[in-house]
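Working notes, structure below.
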Amino acid sequence: METGLTSVDIESVIEEMANQLALQLKQKNIDSPLMIGVHTGGLWVAERLHAKLGLTKPLGEIDISFYRDDFTRIGLNPQVKPSQIPANVEGEHIILVDDVLYTGRTIRAALNEIFDYGRPDSVVLAVLVDRGGRELPLQADIVGMKLDLSPQKQVKLSGPVPLALETNRI
Amino acid sequence: MNSSKQTASTSFKAPDSSSLQLNDQGRLRHFLTTENLSKDILTEIMDVAESFSSVADQAVKKVPVLRGKTIVNLFFEDSTRTRTTFELAAKRLSADVINLNIATSATSKGESILDTIRNLEAMHADMFVVRHGDSGAAHFIARHVAPHVSVINAGDGRHAHPTQAMLDMFSIRREKKEFKGLKVAIIGDILHSRVARSQIHALNTLGVQEVRVIAPSTLLPSDTKSLGVQVHGDLRSGLDGVDVIIMLRLQRERMGGALLPSEHEYFECFGLTAEKLAYAKPDVTVMHPGPINRGVEMDADVADGKHSIILQQVTNGIAIRMAVMTLALGANRASDSS
């Protein structure tokens, strides 16, 4: 572990994300969105955003293990959890939440899984950290913080209480 | 069948079960028997199955994880339900599935079992799901397939039926939450039952308090006690205080006469009725692998009653088969790249 990331106040970053989200939802006239957190770190961030925004629809959870594009290379993630998404996402406005946006492959997989539950009206993406390094044409609508990290570095959110960011050399 | 000539000297008689199933990283590569698999592996199968159970909630009841893989259902013996759930499981994983009923296929024209396998491998099959009337058939195939191919045992002779056992374990876990402290009774034709053997191994590995088998002595194998079970000849005393009852089907097609006086008499002694059920715990769970012989193994009102989870077992069977297929093919790929 290194760098001064431990000093970052994650809770206040999430507070600011919630403010930006509230503003965007208002601009788009969305009053009852469905929030879905990506296992595991994204779900921790989503739990806080869901509470801060006072959303009424229960928080959804998504585990993208069965939708990953690297199954043939690395096999199944043994820590896979069940996804809990309302059986019908038809017509919903979805807020997808993840902890770290990097290559974009996780988000691609999450979008594919969501669309197997139905056709939402819209999806916005909120991430705690955007560390660059995209391999797919995907961008987040709400970004908590940007980090400029070399590919040799890994950033990881630990939690659920307290939330902390660590970077490691890989 | 020609295959017996090739196989007699190798593996049909004494199937070994341990190292063949795991890859060099200890991951499940073939699933042939529950015997000698660790509690961790059995638990992992159930955990992954739990994750797959949400796929049935999706509008598109499919995940792309095995897209581009070819799974061959190789059935040397009929079984509509098992074959259908394997087929459905494979399709929900987006694999391509071929069903081969070998009884009506090339082996009846004289092709050996290994030639059949080689031909299917030449068509780039990734997995064989094997049902065979001879004990050890799936082990034999697993020992001879190409390195990238996985084998799942869908029932071999009187030996093993591990996916049925695991769907039963999964069903028990969903009902009772944990295995510790459970008393489980398995009732009926233990002698001919590959399911019972696989269940007994799994239940003991998962750490239930007690496994009882309740059967007439003519339907018990000679080595029953060495399996780690208590034997009861009387249904009422055997059911006393049990948490889970697993009924077995009376396998009339495997019986060579004289083992049973009559179905009517069997029902009188070993058929599950509401009156006998009252000896078990009030929240007892009743299971049956199907197909049920109503009025032989159990009364219709027990089969359809509030303790019965017979239809949930069928649903759980799809998730368990999805889990086993994904784990096995995943382990194969993972070991390729290492």
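The values are calculated or read from the model by the stated rules, or taken from the named source; none is laboratory data. In this text the structure is predicted, and so the values were computed from the model without any measurement. No Cβ is skipped: glycine too gets one built from the backbone with ideal geometry, and neighbour counts run over all protein chains shown. Just so you know, the surface numbers come from the protein's heavy atoms only, side chains and all, with ligands and any DNA or RNA stripped out. Shrake-Rupley method; radii C 1.70, N 1.55, O 1.52, S 1.80 Å.
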Completion exercise
Every listed condition ((1) without any contact (Cβ under 8 Å) to a residue 12 or more places away in the chain; (2) within 14 Å of another protein chain (Cβ to nearest Cβ)) holds for B:A300 save (2)
Practice task
Kindly state which strands (runs of 3 or more DSSP E) lie completely within region A:13-113 and contain at least 2 residues that are charged (D, E, K, R).
Solution key: A:93-101
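A quick yes/no check of all residues on (1) closer than 21 Å to B:S79 by Cβ; (2) open to solvent by 30 Å² or more (accessible area, probe 1.4 Å); (3) under 15 Å from the mean Cα position of the chain (by Cα); (4) in the same structural domain as B:M169 (by TED's automatic domain parsing):
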| site | (1), (2), (3), (4) |
| --- | --- |
| B:Q199 | yes, no, yes, yes |
| B:L220 | no, yes, no, yes |
| B:H232 | no, yes, no, yes |
| B:R236 | no, yes, no, yes |
| B:G241 | no, no, no, yes |
| B:M247 | yes, no, yes, yes |
| B:L250 | yes, no, no, yes |
| B:L259 | no, yes, no, yes |
Handout entry: Tally, over region A:41-73, of residues that are more than 9 Å from chain B (Cβ to nearest Cβ), under 30 Å from B:K69 (Cα atoms) and under 12 Å from the mean Cα position of the chain (by Cα)
Key = 3
Completion exercise
B:G26 vs (1) more than 10 Å from chain A (Cβ to nearest Cβ); (2) open to solvent by 40 Å² or more (accessible area, probe 1.4 Å); (3) not basic (K, R): all pass except (2)
Completion exercise
Log entry, pairs with first residue in region B:198-212 being more than 18 Å from B:S38 (Cβ to Cβ), second being surrounded by 23 or more Cβ atoms within 10 Å (Cβ to Cβ) and among the small types (G, A, S), beta carbons closer than 7 Å, six or more apart or on different chains, reads B:R212/B:A185; B:R212/B:G238
Practice task
Quick one: which helices (runs of 4 or more DSSP H) lie wholly within region B:234-309 and hold at least 2 residues that are touching a Gly at 6+ places or on another chain (Cβ under 9 Å) and among the aromatic types (F, W, Y)?
Solution key: B:263-270
Exercise for the section: Quick one: in region B:59-90, of everything that is modelled with pLDDT under 90 and of a type in the set (S, T, N, Q), which residue is least open to solvent (accessible area, probe 1.4 Å)? Expected result: B:S79
Exercise for the section: Say whether the condition of being open to solvent by 40 Å² or more (accessible area, probe 1.4 Å), without any contact (Cβ under 8 Å) to a residue 12 or more places away in the chain and away from chain B (no Cβ under 12 Å) is met by at least one residue in region A:74-83. Expected result: no
